[in-house]
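This is the structure I have questions about; it appears just below.
The values are calculated or read from the model by the stated rules, or taken from the named source; none is laboratory data. On a predicted model such as this, the values are computed, not experimentally measured, just so you know. Neighbour counts run over all protein chains shown; Cβ positions are idealised from the backbone, glycine included. These accessible areas exclude ligands, DNA and RNA; they are computed on the full protein's heavy atoms, side chains included. Shrake-Rupley method; radii C 1.70, N 1.55, O 1.52, S 1.80 Å.
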Amino acid sequence: MTFGHFFLPGPTDVRAEVLAAQSGPMLPHRGADFETLFANIQRGLKLVLRTARPVYVSTSSATGLMEAAVRCAKPGPILSLVNGAFAERFADVARSCGRDVTVLEAKWGDIVPLEQLETALRSGSFAAVTVVHSETSTGALTPLPELAALCARHGALSLVDSVTGVAGAPVETDDWSLDFVFTGSQKALALPPGLAFGVASERYLATAHESPNRGRYFDVLEFEQYVHKNQTPNTPATSLLYAAETQLEAIARETLEARWQRHDDMADYTNRWLEETREALGVALCTQARPGERSPTVTCVALPPSIRGEDVVRETAARGFVIGGGYGKLKSTAFRIGHMGDHTLAGVANCLHAVRDALSSLRTRS
Ligand SMILES: *Cc1c(COP(=O)(O)O)cnc(C)c1O
């Protein structure tokens, strides 16, 4: 399939140039050539994450660094903001790491109000707060700056899943004082799956050694030690790093600001399409969030009872485009379009044309 037909909200479409970069030669990973490759990637990642801190490169999917964020955070109870499937996963990971977890819940599609967070932070003494920036199961976007400031004021670390935020939506790691933020290679970075990238603040690092069971593979202190040598603690996925080097150079050429704008444009286009299609086909936006609280990378579309998510995915595939079904408890009642990575407005328009056609045919049949 040529580029421009694959609109899952992860993994996302990868350009041929990036796929081809993976065929570079193997390298000793304790050597100068590798360190040069790694240093190039560092430069690109710092730009994308807007940080002066080093960026950890993990050979895992994003959930690996979700676990690292929790395991290495200073000891103590954790407050989890839950407004969708991935936020639920973050809370589960915290529980599975033996943490005492308190959940602040919002309806799926909504975001947890800051006032509720403040009340909870006041009444408890939390070591950390988990939050999902762009909730990929619903398309809701939680604004981070005030949230991170609130956490800091109450002495809690902010642990941020920005897996479908980074490289598609503004994430100002340093300016917003995020304590741990992570993403995966296969979302808005438009790389193949298999790598995760994360940044820990000085504040986070200063207390990480107090966490008794950091394990080994996801020990942030290990990542920190090796990243300064332009190395990884264990054998890196060198082929994927070649792809990352090529893609990060392309992102720098596009400029991050232009990339954010392109994602805004793709999301706006999809929202307008939905407005126009709503009457005729009975579809609606899954998220109740206001503009500014909608993800620029993924749109979740709620279906009328007569049409199932699986059927929309199948009928759209028959027209040459891959889209996502609903996720978690929205599996059959919604579908999702990942307008992220290297997609263009024209590409999104082509995809939505096929989706509309698929919806019409299902509507006629039902
Ligand atoms: C995709 C995704 C994850 C999980 O990533 P994996 O790479 O599959 O581990 C976590 N959080 C969000 C918001 C995601 O979109």
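Here is a list: Glu222, Glu245, Glu276. Which entry is more than 29 Å from Ser295 (Cβ to Cβ), away from the ligand (no atom under 16 Å from the Cβ) and outside any loop (DSSP other than H, G, I, E, B)? If you could, list the steps in order and put the result at the bottom.
Working: Glu245 fails: more than 29 Å from Ser295 (Cβ to Cβ); Glu276 fails: more than 29 Å from Ser295 (Cβ to Cβ).
Unique residue meeting the criteria: Glu222.
Taking the criterion of being part of a loop (DSSP other than H, G, I, E, B), more than 16 Å from the ligand (Cβ to nearest atom) and either outside the structural domain of Asp33 (by TED's automatic domain parsing) or open to solvent by 30 Å² or more (accessible area, probe 1.4 Å) (or both), would at least one residue in region 186-209 satisfy it? Steps first, please.
Filtering region 186-209 for residues part of a loop (DSSP other than H, G, I, E, B) gives 186-195, 201, 209.
From what is left, the residues that are more than 16 Å from the ligand (Cβ to nearest atom) are 201, 209.
Subsequent filtering for residues that are either outside the structural domain of Asp33 (by TED's automatic domain parsing) or open to solvent by 30 Å² or more (accessible area, probe 1.4 Å) (or both) retains 209.
Looking for residues that are part of a loop (DSSP other than H, G, I, E, B), more than 16 Å from the ligand (Cβ to nearest atom) and either outside the structural domain of Asp33 (by TED's automatic domain parsing) or open to solvent by 30 Å² or more (accessible area, probe 1.4 Å) (or both), one finds at least one in region 186-209, hence yes.
Return the only residue of Ser60, Ser80 being open to solvent by less than 10 Å² (accessible area, probe 1.4 Å), within 26 Å of Arg336 (Cα to Cα), in the same structural domain as Ala237 (by TED's automatic domain parsing) and outside any helix (DSSP H, G or I). Lay out the reasoning, then the answer.
Values: Ser60 fails: open to solvent by less than 10 Å² (accessible area, probe 1.4 Å).
Exactly one of Ser60, Ser80 is open to solvent by less than 10 Å² (accessible area, probe 1.4 Å), within 26 Å of Arg336 (Cα to Cα), in the same structural domain as Ala237 (by TED's automatic domain parsing) and outside any helix (DSSP H, G or I), namely Ser80.
Same structure again: With the requirement that a residue be part of a helix (DSSP H, G or I) and surrounded by fewer than 18 Cβ atoms within 10 Å (Cβ to Cβ), what does region 109-149 give you? Spell out the reasoning first.
Of all residues in region 109-149, those part of a helix (DSSP H, G or I) come to 114-123, 145-149.
Within region 109-149, Leu114, Glu115, Gln116, Glu118, Thr119, Arg122, Ser123, Pro145, Glu146, Ala149 qualify.
Can you spot a residue in region 29-40 that is in contact with a Pro (Cβ under 9 Å, 6 or more places away or on another chain) and assigned to a loop (DSSP other than H, G, I, E, B)?
Looking for residues that are in contact with a Pro (Cβ under 9 Å, 6 or more places away or on another chain) and assigned to a loop (DSSP other than H, G, I, E, B), one finds at least one in region 29-40, hence yes.
Any idea which of Asp33, Asp92 is without any contact (Cβ under 8 Å) to a residue 12 or more places away in the chain, open to solvent by 60 Å² or more (accessible area, probe 1.4 Å) and under 30 Å from Arg290 (Cα atoms)? Working first, answer last.
Details: Asp33 fails: under 30 Å from Arg290 (Cα atoms).
After applying the criteria, what remains is Asp92.
Here's a check for you: in region 1-18, which residue that is open to solvent by 10 Å² or more (accessible area, probe 1.4 Å) and aromatic (Phe, Trp, Tyr) is farthest from the ligand (Cβ to nearest atom)?
Filtering first and then ranking leaves Phe3.
Specify which of the listed residues (Ala106, Ala73, Ala85) is buried (at least 18 other Cβ atoms within 10 Å of the Cβ) and more than 16 Å from the ligand (Cβ to nearest atom). Steps first, please.
Values: Ala106 fails: more than 16 Å from the ligand (Cβ to nearest atom); Ala85 fails: more than 16 Å from the ligand (Cβ to nearest atom).
None of the other options fit; the residue is Ala73.
Taking the conditions exactly as written (more than 13 Å from the ligand (Cβ to nearest atom), surrounded by 23 or more Cβ atoms within 10 Å (Cβ to Cβ) and either among the polar types (S, T, N, Q) or not assigned by TED's automatic domain parsing to the domain that holds Ala284 (or both)), does Ala167 satisfy them or not?
Values: more than 13 Å from the ligand (Cβ to nearest atom): no; surrounded by 23 or more Cβ atoms within 10 Å (Cβ to Cβ): yes; either among the polar types (S, T, N, Q) or not assigned by TED's automatic domain parsing to the domain that holds Ala284 (or both): yes.
Criteria not met by Ala167.
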